[in-house]
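Report on the structure given below.
What follows draws every value from the coordinates through simple rules; no lab data is involved. Values in this document were obtained by computation on a predicted structure and should not be read as measured data. Quick reminder, even Gly has a Cβ in these numbers, built from the backbone with ideal geometry, and neighbours come from all protein chains shown.
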């Protein structure tokens, strides 16, 4: 008896981004607000980071709430129903449950059940990782349409009084729908990691350290409730970064990755309509523009001024703003590159929806 | 191998590109932070560009020791040797 022939899903030739959505939470935090917590000034922050304000979510607004807001707009713009989604990917480092995923809850809320649902942890590269996966899932035939969301509530993991990263960060969500296309719409993704710099950006404590502290406090006769609360706040994991290492890596290594994404897509910098780098720092953006020798015709996303650094949400949020302010960019080519904690990076050229 | 004069001239060009300061203001005894008013982010940009231009590696922990333009020229000359 001959072995049965396995059937594989029929592949599709091309994919593209069909729609985009954004959610910007309502609380605006100014540099003057930040300077109540750290010894700095509006001028110092603007000069070194380009940030003027950041949006932050109030208590009660979750990563999933923000993801839903962005996803609904993206679905409407793409003109598809949630029930057509084959997969829902949420990129986040601030969904406060190790399990279940934010994506599973989001899928249920949107009415996309039983779409495959999972979160990815790739920090500020998370959106580009998501687009890489969305592209692969659509073209491999594993899903007809994929919702890719970058959503972060970074305000839950900051320490207002520290100076390396907290004052840069904001909350928000951005989402896109990736689906089949008659023409190429997503260039080859250049993605990767450098775990030798695992400590360059990360949390102050692991969750098991928090548990051990709680246990030792509970077993101590001298610890009252207030002391326990205070100790827990001191050990609550918050973000830190080695700014010097990260800055150098970003301007030097990431310009090369961005160039590789252009080369892999078979285009020149002058073919681009837009450049949307991760919104980490205006000075990194400026330096990448110089290193890539982008002509002045390329519109550069600078949403960081208003939104701060929103990690996985920053590229879709910045793209959304760019398209609102420059609707003529729709259909043009955009180079997007995310990079962050891991360290990890991802870049691709996409046709703007 | 670049001479110290060539390194100074190359460094001045990089500083000019980053800050707009006239290249002839970049002298050996000038302090990056106090005399040239270069902040930490500009300093890292200058370091990255100097590494590229002179084919040397300037470790993060070394950057804080480069207080004057002369310190940087000497470090780069030593690293090239």
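Here are a few things to note about the model shown:
- Positions within the range A:322-338 being free of Cβ contacts under 8 Å to residues at least 60 places away in the same chain and not in a helix (DSSP H, G or I), in sequence order: A:326, A:330, A:331
- Residues that are under 28 Å from residue A:242 (Cβ atoms) and away from chain A (no Cβ under 14 Å) were ranked within the range B:27-38; the one that is surrounded by the fewest Cβ atoms within 10 Å (Cβ to Cβ) is B:34.
- Taking the criterion of being farther than 13 Å from residue A:126 by Cβ and in a loop (DSSP other than H, G, I, E, B), the residues of the range A:297-321 that qualify are A:297, A:298, A:301, A:302, A:303, A:308.
- Within the range A:104-114, considering residues that are surrounded by 24 or more Cβ atoms within 10 Å (Cβ to Cβ) and touching a helix residue (DSSP H, G or I) at 6+ places or on another chain (Cβ under 6 Å), the one nearest to residue A:64 (Cα to Cα): A:106
- Index of the failed condition, residue B:17 passing every other in (1) more than 14 Å from chain A (Cβ to nearest Cβ); (2) free of Cβ contacts under 8 Å to residues at least 60 places away in the same chain; (3) assigned to a helix (DSSP H, G or I): (1)
- Number of positions in the range B:39-81 that are within 13 Å of chain A (Cβ to nearest Cβ), surrounded by 16 or more Cβ atoms within 10 Å (Cβ to Cβ) and assigned to a helix (DSSP H, G or I): 12
- Put simply, of A:83, A:62, A:101 the only residue that is away from chain B (no Cβ under 14 Å) and surrounded by fewer than 15 Cβ atoms within 10 Å (Cβ to Cβ) is A:83.
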